[in-house]
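Structure first, commentary second.
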Amino acid sequence: MVAQNIVFGVLAVAMGLAAIRVVTTKNVVHAALYLVVVLAGVAALYILLAAEFIAVVQVIIYIGAIVLLILFGTMLTRAPIGRASDLDNDQRWLGVVVALLLLGVMGSVLADAFGSTKLPKAPQIQRTGDVGLSIFQTYVVPFEVVSVLLLAALVGAVVIARRD
Amino acid sequence: MLENAWIIPALPVLSFVLILFFGKRLPKGGHEIGVSAVAIAFMLACVCAVQWVQRPADLEVHGPVEEHAAPGPMPHANAVAAFEEKEPGHEPTEGGGQEKEGEHEAEPIRKPVVREVTWFDNGQTRVRAGTHIDGLAVTMMFVVTLISLLVHVFSTSYMHRDRRYTHYFAALSLFTAGMLVMVTANNTLQLLVGWELMGVCSFMLIGHWWEEQNNSNAALKAFFTTRTGDVGLLVGIAVLFFAAGRTFDIAEINAAALGGDLSHGLVLAGAAALLCGVIGKSAQFPLHTWLPDAMAGPTPVSALIHAATMVVAGVYLVARLYGVFWSGFDIGGGGVNAVALVGGTTVLIAAALAFVQSDIKKVLAYSTVSQLGYMVMALGVGAWTAGVFHLVTHAFFKGLLFLGAGSVSHAVHSFDMKKDMGGLREHMPTTYRTFLIGSLALAGVPPLAGFWSKDEILLGASSNGYPIFLVVGLLGAVLTAAYMTRCVYLTFFGDYRGHGDPHESPPAITVPLVVLAGFSVFAGLVNVPGGEWFAEWTENETVLSAGVAHHSFSPIVAVIGSAMGLVGIAAGYAYYWRNLGPHRLTQSSGPARTAYRILEDKYGLDRLYTDGVVSAIKGPIARGAYWFNQRVIDGVVNGVGIAARGLARFVYDTVDQRVIDGAVNGAGMGAEDGGKVLRLMQTGRVQQYALFLFGAVVVLGGTLVLFTTG
Amino acid sequence: MYLNQFLFLAAFLFCVGVYGVLARKNAVLVLMSIELILNAVNINLVAFGLFRESVAGQVFALFVIAVAAAEVGVGLAIVILIYRNRHSIDLTEVDMMKG
């Protein structure tokens, strides 16, 4: 338990700092790299939460595909690779206020609802096989819908981005 | 080989992939791969056929109580002679299956060879993929690979130096693969895969010369029309999946449908939905309109589509899931059922249309539609063997006719019989002779292939209690013979009306013609009276347990049937050669002109679909909504308005005008001033809107928290 | 371990993402911030899944990942289209959405 808590603490701090750097850094490429740290941290959290399959998927899809896509987007739009002074707009202070207030509201709700709720000590672990069976039995319709969504997104992205 | 029949569909798939990736770099542009793959598949199909014939018939199927007319004893010498053409080398164990011939109530048949693997398994349902090889599948594999091989060979010359030569062969391979996947399938899902594969390939091939708008329109039309029917197939598969207890297995579905445990309504629903798929794919009335337009594709493709693949897929579906159709539509009961009705209507309607076409391929196309109607009608009147047999013989002579038409157009560079053909029999002797054989076979002249199969259909219709369809069949026979006579006359007789110097086609074109002509002559002999080998080989457990009746050969029907064909030919001969009969009828007689115009207009079905169905969706529905809007809603509104006006005058006159006006004006001005302020917020910047959004979330969420917890 | 550990961390990531969406000018950076928000949601799903000993949390986390992939694909296509038309991906300049 202690070890898990230590790991969680380290991860939480790293992810929190990296997340803040994602939204504050002056360099788009650095932001993407900090995003990788956050995403890897999330993957590690999944391991802590005994969801190894989601962790692997997180690494493959997010770090492997999505970040790569974002870097390509950065390159194609010729966003400044070096430092750029004006990456923030003029409502950033209002944004800070709103985000902090939102955190306050959510935090108070969470503290109120799950203040001392502990995760089960020896939870019934959901293995990858169970996840697979569940997807293809109980959730087969949402699964099919998601596949149609991916197809639509694929076609849509091509249609939007092609030159004609 | 029967266990490893999956290799046969796998070969063209492999060839498709290879041609796609390496075809362009090969010296012959990829056709060497396609031709050799299909040739190997054909040889394997022959091996399958031989092994099937040699397989001992040890499965006893008990039909329902009714009596079968037992087939007579087999004269062996005859069998060998008739059979050399089709199944080389089958003689050694001819007698293998006939030992148990004596038992009357149980007919032994060959046990189907099933081999399957688990495709996927989601815990509740295990879907298997596999091959189910029985007589029907073996026959179809043989026919499909043979026609496809000949079409491949023919295409090497016909499509020579085509712009997309390589892609053409790739699509041709995939097309063949689709049909082979379908005929070997042991479950409905696999069947659907093959079915859709053919849909895609037909789209690609019909639109092969897509630079011309007409061709790409025809491809789209074929695709959409068959797709309309495919929805039915999908629904039918789903209905049968649940009806038969969560299984896609065709044998289980047939057994369940025939078992009588299912509710009749459910089976009928499944059969009706499947029939929609059949109507679309096999170009039955009223969805037959795509098939003549599909002539826009290269001619060998038309031959492949019309003879062995695509359109016969629908007929095959009925034959394969016969148990469902049998009990769903109560085929054994006599009277009129939907399958026979669709088929019978198609026979006559399409045959009449064939008379007014001047494009040789369109004549053949309508002829195909009509002959498909025969097959569907045969299955609908309970003559299963006759329907399948006609499918096989038709594949040979229709493939022959299409390839012959291709050979003609190769020489004269046109498809128009009236303008550019005529008198070609001297210029193209081989094409002429083979085309003539095909036409005679199609017209049902004995002893060519078409005679035997058509005779069996007529026999089935007359003996199973469907006299109407006997009449339809006879009428169709007359029409078929007459329009084929017209077609032959316009193409090969009279004076040459085209330009240039037509010449006989190269061997790559004539050899397939000769081969098919041979089959058109001899294929009918595998199911002659006294030697119903075809029935013995193809009929499967489903057919026998349904109790499809067998009838012994009836000379009267045969004589009348062939007489009808001869009447048609004689009428055509008298009209065209001897110039007898009322010529220029369309100029002199009003009704004839009207009839001609209706036929030219294809019964207005095309117009019905584009103007009727498509604009119904925009026209009447919109008008209906407008009417509803005008009459009902406006009426209510007006009524309310008139009532309100009376009340309002009263209120206006009595209630103090100034109070309300003051309040209203005040509100108006308030809104205007407020609007001026709020307008500043509408900057069009999404992030600012997001800021308001999250700000509102904070405010509302915060309020909620304060009021519920505090 | 407390359930709230994870929920608080997720809430923090969510709010950082919200700030990024609100305050960043560069469209690509806004997309990255949206990824932060989606990941926060996923942490919640998986944490609740473990808490309730239900497999649904993981299944829906997978669905969210799939949706996120689609979202990035279409989002970047839109960004590239904007860039092609305006030679800039500054969101403050994209203000046609007003009455």
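The values are calculated or read from the model by the stated rules, or taken from the named source; none is laboratory data. The model shown is predicted, which means the values in this text are computed figures rather than measured ones. As a convention, Cβ positions derive from the backbone with ideal geometry for all residues, glycine included, and neighbour counts pool all protein chains shown.
Take residue A:110 and decide whether it is free of Cβ contacts under 8 Å to residues at least 40 places away in the same chain, touching a Leu at 6+ places or on another chain (Cβ under 6 Å) and not assigned by TED's automatic domain parsing to the domain that holds residue A:3.
Criteria met by residue A:110.
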Exercise. In region A:28-46, which residues are in contact (Cβ under 8 Å) with a residue 24 or more places away in the chain and at the interface with chain C (Cβ under 8 Å from one of its Cβ atoms)?
Worked result: A:28, A:32, A:35, A:39, A:42, A:45
For this session: Please work out if residue A:161 is facing chain C (nearest Cβ under 9 Å) and of a type in the set (Gly, Ala, Ser).
Result: yes
Exercise. Does region B:243-250 contain any residue that is of a type outside the set (Val, Ile, Thr), out of contact with any strand residue (DSSP E or B) (no Cβ under 8 Å at 6 or more places or on another chain) and over 17 Å from residue B:325 (Cα atoms)?
Worked result: yes
Problem set entry | Single unsatisfied condition, residue A:104 versus (1) over 26 Å from residue C:65 (Cβ atoms); (2) in contact (Cβ under 8 Å) with a residue 40 or more places away in the chain; (3) more than 7 Å from chain C (Cβ to nearest Cβ) | (2)
Exercise. For region A:128-149, which residues satisfy the criterion of being surrounded by 15 or more Cβ atoms within 10 Å (Cβ to Cβ), among the aliphatic types (A, V, I, L, M) and either closer than 25 Å to residue C:78 by Cα or in contact with a Phe, Trp or Tyr (Cβ under 9 Å, 6 or more places away or on another chain) (or both)?
Worked result: A:131, A:135, A:146, A:149
Seminar exercise, completed: All-but-one check, residue B:149 against (1) in a loop (DSSP other than H, G, I, E, B); (2) touching a Phe, Trp or Tyr at 6+ places or on another chain (Cβ under 6 Å); (3) of a type outside the set (Gly, Ala, Ser), failing number (1)
Exercise. Restricting to region B:421-445, what's the tally of residues that are buried (at least 24 other Cβ atoms within 10 Å of the Cβ) and part of a loop (DSSP other than H, G, I, E, B)?
Worked result: 3
Exercise. How many of the residues making up region B:421-465 are among the acidic types (Asp, Glu) and farther than 18 Å from residue B:386 by Cβ?
Worked result: 1
Exercise. Can you tell which of A:54, A:60, A:66, A:70 is surrounded by fewer than 20 Cβ atoms within 10 Å (Cβ to Cβ) and either hydrophobic (A, V, I, L, M, F, W, C) or not assigned by TED's automatic domain parsing to the domain that holds residue A:131 (or both)?
Worked result: A:60
Problem set entry | 1 or more residues closer than 30 Å to residue A:27 by Cβ: qualifying helices (runs of 4 or more DSSP H) within region A:75-164 | A:92-114, A:140-161
For this session: Filter region C:27-59 down to the residues that are farther than 15 Å from residue A:35 by Cα and among the polar types (S, T, N, Q), then identify the one that is farthest from the other protein chains (Cβ to nearest Cβ).
Result: C:44
Problem set entry | Any chance residue C:76 is in a helix (DSSP H, G or I), aliphatic (A, V, I, L, M) and over 13 Å from the mean Cα position of the chain (by Cα) | yes
Exercise. Would region C:71-92 turn up any residue that is at the interface with another protein chain (Cβ under 7 Å from one of its Cβ atoms), out of contact with any Phe, Trp or Tyr (no Cβ under 6 Å at 6 or more places or on another chain), surrounded by 18 or more Cβ atoms within 10 Å (Cβ to Cβ) and of a type in the set (S, T, N, Q)?
Worked result: no
Exercise. Can you find a residue in region B:175-188 that is surrounded by fewer than 22 Cβ atoms within 10 Å (Cβ to Cβ) and over 16 Å from the mean Cα position of the chain (by Cα)?
Worked result: no
Problem set entry | Single match in A:37, A:10 (criterion: of a type in the set (A, V, I, L, M, F, W, C) and within 23 Å of residue A:64 (Cα to Cα)) | A:37
Exercise. When you look at residue A:49, is it free of Cβ contacts under 8 Å to residues at least 24 places away in the same chain and surrounded by 16 or more Cβ atoms within 10 Å (Cβ to Cβ), yes or no?
Worked result: yes
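Residue-wise test of (1) outside any helix (DSSP H, G or I); (2) farther than 23 Å from residue A:69 by Cβ; (3) at pLDDT 90 or above.
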| residue | (1), (2), (3) |
| --- | --- |
| C:28 | no, no, no |
| C:37 | no, no, yes |
| C:44 | no, yes, yes |
| C:54 | yes, yes, no |
| C:61 | no, no, yes |
| C:71 | no, no, yes |
| C:82 | no, no, no |
| C:98 | yes, yes, no |
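Across region A:88-99, which residue is farthest from residue A:20 (Cα to Cα) among those that are at the interface with chain C (Cβ under 7 Å from one of its Cβ atoms) and modelled with pLDDT of 85 or more?
A:98
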For this session: Go through region B:506-540 residue by residue and tally those that are among the charged types (D, E, K, R), more than 25 Å from the chain's Cα centre (by Cα) and farther than 16 Å from residue B:451 by Cα.
Result: 1
Exercise. Is region B:459-476 home to any residue that is touching a residue at least 12 places away in the same chain (Cβ under 8 Å), closer than 18 Å to residue B:519 by Cα and surrounded by 24 or more Cβ atoms within 10 Å (Cβ to Cβ)?
Worked result: no
